[in-house]
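Structure first, then comments.
The values are calculated or read from the model by the stated rules, or taken from the named source; none is laboratory data. Worth saying up front: this structure is predicted, and the values here are computed from it rather than measured. Virtual Cβ from ideal backbone geometry, glycine too; neighbours counted across all protein chains shown. For accessibility, only protein heavy atoms count, side chains too; no ligands or nucleic acids. Shrake-Rupley method; radii C 1.70, N 1.55, O 1.52, S 1.80 Å.
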Amino acid sequence: LYLAQLYGRTSQNAKAMAILEDPTYGLLPTLAKEESARNIPGFAPEVYKLGLQVYVQERQDQKSDSMMKLLEDSFKGDPRAADRLTAVYYRLSLELKEDLERQLREKKTKEFQATLSSAEAFYKRIASRSDNTFGTLNLVGETLFSLGESSKAEGNLDNARTLFGVARTAFEKMN
């Protein structure tokens, strides 16, 4: 797990995915097959957090959705589940925001569009949760609004409209 996390933190996502997905020794297949692995305190959420991080960065939306569901399920029964999920999503949100801002600065339009698509799906999934805290919804709204402002300043009005629309949805749910 630690090696895969190191790879994930240093954007060596292919290596992290290999550790996550290896059919024989991978972390995800092990969790799926071995109840004893799922019973190690904190292990499953850490694996799913890493999977979510890597799959969002790699724009693998179906796998990202799967990791979000598994992560949410791994916190079931935890009285602090909403707070823990907010912390995970906050960290990932900051990473996505940094990636998108860098892509805008470097004028990497295709890369920006692909990351934006994954980010939008990620944020919509967060916003659709029924147990969102005010902080989670504020995080989603503020992040997307900030990215919308950056897109607008760069003259990319279509992206700005999309970002502002998703931000508005998150802010409306705060009521």
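For the chain, the extents of the C-alpha atoms along the principal axes are 52, 36, 21 Å, listed from largest to smallest.
Beyond 32 Å in Cα-Cα separation lie the following of the pairs 15/108; 49/108; 15/107; 33/97; 15/76: 33/97.
Normalised per residue, the accessible area of the chain is 54 Å², obtained with a 1.4 Å probe and no contribution from ligands, DNA or RNA. Surface composition of the chain: carbon and sulfur make up 52 percent of the accessible area, probe 1.4 Å. One equal scatterer on each Cα of region 1-71, no solvent, Debye formula: the resulting log10 I(q)/I(0) at q = 0.22, 0.24, 0.27 Å⁻¹ is -0.91, -1.08, -1.33.
Taking Cβ atoms as reference points and 12 Å as the exclusive limit, the residues near residue 154 contribute a net charge of 0, counting Lys and Arg as +1 and Asp and Glu as -1.
Two tests apply to each whole DSSP H helix in the chain, Cα reach of 24 Å or more along its axis and mean Kyte-Doolittle hydropathy of at least -1.0, and the ones passing both are 81-105, 109-128, 134-153. How about region 74-175: which GluC sites (Glu not before Pro) there lie in a loop by DSSP and see at most 12 other Cβ atoms within 10 Å? For GluC sites (Glu not before Pro) across region 74-175 that sit outside H, G, I, E and B with at most 12 neighbouring Cβ atoms in 10 Å, the list reads 106.
The gain in end-to-end length when the residue 109 to residue 73 segment is fully stretched comes to 9.4 nm, 0.36 nm per residue minus the alpha carbon separation. Judged by the ratio a/c of the largest to the smallest principal axis of the C-alpha gyration tensor, region 106-156 counts as oblate, that ratio being 1.5 or greater while a/b is no larger than b/c.
Largest first, the three principal axis extents of the alpha carbons in region 32-136 are 47, 33, 18 Å in whole numbers. Paramagnetic label reach from residue 65 (point 7 Å along Cα→Cβ; backbone nitrogen cut-off under 13 Å): within region 136-175, no residues. Other residues with beta-carbon under 13 Å from the beta-carbon of residue 62 carry, at +1 per Lys or Arg and -1 per Asp or Glu, a net charge of +1. Each Lys and Arg contributes +1 and each Asp and Glu -1, all at the Cβ; summed about the Cα centre of the chain, the dipole is approximately 160 debye. Electrostatic tally near residue 11: other residues with Cβ closer than 14 Å to its Cβ, Lys and Arg +1, Asp and Glu -1, net -1.
Calculated [222 nm] ellipticity per residue, helices only, for the chain: -25500 deg cm²/dmol; basis is -39500 (n - 2.57) per DSSP H run with n ≥ 4, divided by all residues, nearest 500.
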